[in-house]
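Written out below as structure tokens is the structure these notes cover.
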Amino acid sequence: MLFLDFANTCREIEKISSRLAMTDLLAEVFPQISDEELDIFVRFARGKLFPDWSAEKLNFGPSLLYEALAYVIGKKREDVVRAINSSGDAGEVVEELLQKKQQTTFFTEDLELTDVYERFMQMAKSSGRKSQQERLRSAQYLFSNASPLEGRYLARLMLEEMRIGVGEGVVKDAVAKAFGVPSEVVEHAHQALNDLGEVALLAKTNPEKLAEVTITPFKPVKMMLAQAGSITGMVETHGTLAAENKYDGSRFQFHKSGGRCAIYSRRLEEMTASLPDVVEMLKNATTHDVIIDGEVIAILNGKPMPFQTVLRRIRRKHGIEEAKEEIELRPCVFDILVCDGETLIDLPFTKRREILESVMTEYVAPQLVSDSAEEIEKYYHEALDAGNEGIMLKVINAPYLPGNRGKLWIKIKPEVDTIDLVVTGAEWGEGKRAKVFGSFVLACQDESGELLEISRVATGIDDAMLAHLYELFKDKIISEKGKSVTFEPDVIFEVGYAELQRSTNYEAGYALRFPRFVRLRDDKDVSEIETMESLSRRYSMQNKEE
Ligand code: AMP
């Protein structure tokens, strides 16, 4: 299949606004795609290059894109930057720029969909001193052989911003419709495989297998997440609940199978090399092949240390042995997803917990099972006194829903007034801070993942953190105008605030009163920042309480 055919389909989808019509179109197209190309097509349509379980990254930001394009169209980098900044849509600008160039070029090669994928794979795999140069050359190759329309979607793919409105839901519905499979089966397979490309391929080639797919060792699944809520609300709705400490550490998923072990972060990146001690502890705590879910915490004199300490260990690439001596880590395991090849996620939590306790000799997180709000309240205060962030309340008959942030897990912590936002820009500081960024622009997201500005934050950041943030952001600058800079949006801040207000000053329609920086959330990615839906919930909760 030509990449141009993919681009044409995207163009058609982009013109459609109805979700149903989009689903119908994809359902018609999917069966016509060959087995070798279907998984790639499905991922690309969502703006994903690799399976969701894979930690593979293209490592190709806007800055390289500008450079590659400038080379291909024979213009200066600044001209490309200016054009993209004034439009805000890289895909559209690339299409226009290639249109102008097209009149002067004669020889190009047709791009196949699989060629494009292989190039992306090469770019992702490239490492070492020359990797930047190699990635640039691959991008130049792709853009020199792309027609304007192909360029539009190549650019968007490389920036992982497809903007054609195809989300997970649309793809799942289209797969169900295209291959006549019940949507619950597609849903189940997606939870276990964590790759819609593979789900689509299986639906096409072996639909009866879909219902039986199991979670595969060393292909991590998304972690189940929690919403904020209240103890009384949960007891009223569900009666008996399981309460656990909310550990202030870093989430992990541990896989053990056939003697091999691996540990993954919440972003599904492999951390095995930086956490050999934790891997060893978990490996020795069970004789079974398992996939388990938990939080790793740092301990000093028997007390949990703040989350930042754990991150220091995880970030270490060298001197792991010394780091192991300095910072003692301990896993707290609270769920089990697979045991000896059997996928357990559809079982009720109490049953999974029973299995977890029977297969682990150590590290299982303690639990209180209770239907009394008073007793849970007491447990909550004990958790805080012991240095935890709060507690988690879990519905005891709930399945494990990978990637779901629903009402089945509720977090209770004192600071309900913090919010996770992505940093989209900054202003240079003043006076002695003139060489670092002084205030940061923050955004939340709407349902389609579009970023909307909501606040600026300058308070709560000490000089050491300002210096760290400068180092972190200096290579993420997309553009600069006067004192303002825009960044590639991939760093998350947790921000405290006194009140959420309606506001016309920011795109989100809300503003934060007295925003203050709390911490960096390197464990989260952009898809996990505050949504408009959750903001409106916060707003109504806040006003109800007044
Ligand atoms: P938050 O990061 O504030 O959205 O809270 C959810 C996070 O709390 C999870 O992703 C875990 O990393 C962490 N956590 C700590 N203790 C637990 C627990 N007992 N059960 C589930 N998640 C926990």
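A convex hull fitted around the alpha carbon atoms of the stretch 3-158 yields 123 Å³ per residue.
Taking all Cα pairs closer than 8 Å and separated by 6 or more residues, the relative contact order of the chain comes to 12 percent. Between the C-alpha center of the stretch 344-403 and that of the stretch 79-148 there is a gap of 49 Å. Rounded to the nearest Å, what's the spacing between the alpha carbon centres of the stretch 417-445 and the stretch 259-288? Just the number, please. The stretch 417-445 and the stretch 259-288 have Cα centres separated by 35 Å.
Distance between the pseudo-spin-label points of Asp525 and Arg405 (7 Å out from Cα toward the beta carbon): 1.4 nm. Computed packing ranks the peptides 479-490, 248-259, 162-173 as 248-259, 162-173, 479-490, most packed first, by mean other Cβ atoms within 10 Å. Here the alpha carbons of the chain define both size measures, Rg and Dmax, at 24.4, 77 Å. Solvent exposure of the chain, expressed per residue, is 46 Å² of accessible area, with all protein chains present and a 1.4 angstrom probe.
Return the carbon/sulfur percentage of the accessible area of the chain, one whole number, probe 1.4 Å, all protein chains in place. Here it works out to 49 percent. Peptides 37-50, 427-440 ordered by packing proxy, namely the average of other Cβ atoms within 10 Å per residue, highest first: 37-50, 427-440. Of the beta bridges in the chain, as assigned by DSSP with both residues counted there, near 95 percent are antiparallel. Extent along the principal axes, Cα only, for the stretch 358-478: 57, 36, 31 Å, with the longest axis given first. In the chain, helices alone account for a calculated mean residue ellipticity at 222 nm of -12500 deg cm²/dmol, with every DSSP H run of four or more residues adding -39,500 (n - 2.57).
With only Cα atoms counted, the stretch 418-545 has Rg and Dmax values of 14.3, 44 Å. Placing R0 at 22 angstrom, the Cβ-Cβ distance between Glu118 and Asn8 gives a FRET efficiency of 0.55 after rounding to 0.05.
Could you pull out the pairs from Lys76/Lys483; Lys177/Lys411; Lys256/Lys474; Lys432/Lys524; Lys317/Lys476 whose alpha carbons sit more than 28 Å apart here? Flagged as over cut-off: Lys177/Lys411; Lys256/Lys474; Lys432/Lys524. When each of the peptides 297-304, 228-235, 59-66 is scored by the mean number of other C-beta atoms lying within 10 Å of its residues, the order from highest to lowest reads 59-66, 228-235, 297-304.
The values are calculated or read from the model by the stated rules, or taken from the named source; none is laboratory data. Computed from a predicted model, the values in this text were never measured in an experiment. With ideal geometry, Cβ positions are generated from the backbone for all residues, glycine too; neighbour counts draw on all protein chains shown. Quick note on the areas: whole protein, heavy atoms, side chains included, nothing else; ligands and nucleic acids left out. Shrake-Rupley method; radii C 1.70, N 1.55, O 1.52, S 1.80 Å.
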